[in-house]
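The block underneath contains the structure these notes are about, expressed in structure tokens.
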Amino acid sequence: MSSITDTSLVERRQSLRRRLQTQREVIALQLGPESGMKGSYPRSRTMRFLTQRPALIIRLLIGLATLLRTK
């Protein structure tokens, strides 16, 4: 009786893995071509924004430091 239970657990695990993989593929399609970046750095949009605009970030940090210093 143990082998029947083991087999059903293995089958359920395989089924769940297939469903999860299918779900991941659907989500990737919904996110569009940007989701297929294949490990490029940086992955998050926030970090890409920060690293691609260093002059803007420096100005923001200077402004913040000035604001904090005056208070």
Pairs where the first residue, in the range 1-29, is surrounded by 10 or more Cβ atoms within 10 Å (Cβ to Cβ) and among the β-branched types (Val, Ile, Thr) and the second is assigned to a helix (DSSP H, G or I) and modelled with pLDDT under 90, C-beta under 9 Å, 6+ apart: 27/35
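Okay, residues lined up against (1) modelled with pLDDT under 80; (2) assigned to a loop (DSSP other than H, G, I, E, B):
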| residue | (1), (2) |
| --- | --- |
| 34 | yes, no |
| 40 | yes, yes |
| 43 | yes, yes |
| 46 | no, no |
| 49 | no, no |
| 57 | no, no |
| 60 | no, no |
| 63 | no, no |
| 67 | no, no |
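The values are calculated or read from the model by the stated rules, or taken from the named source; none is laboratory data. Remember, predicted model here, so these are calculated numbers, not experimental data. All Cβ positions, even for glycine, are placed from backbone atoms using ideal geometry, and neighbour counts span all protein chains on display.
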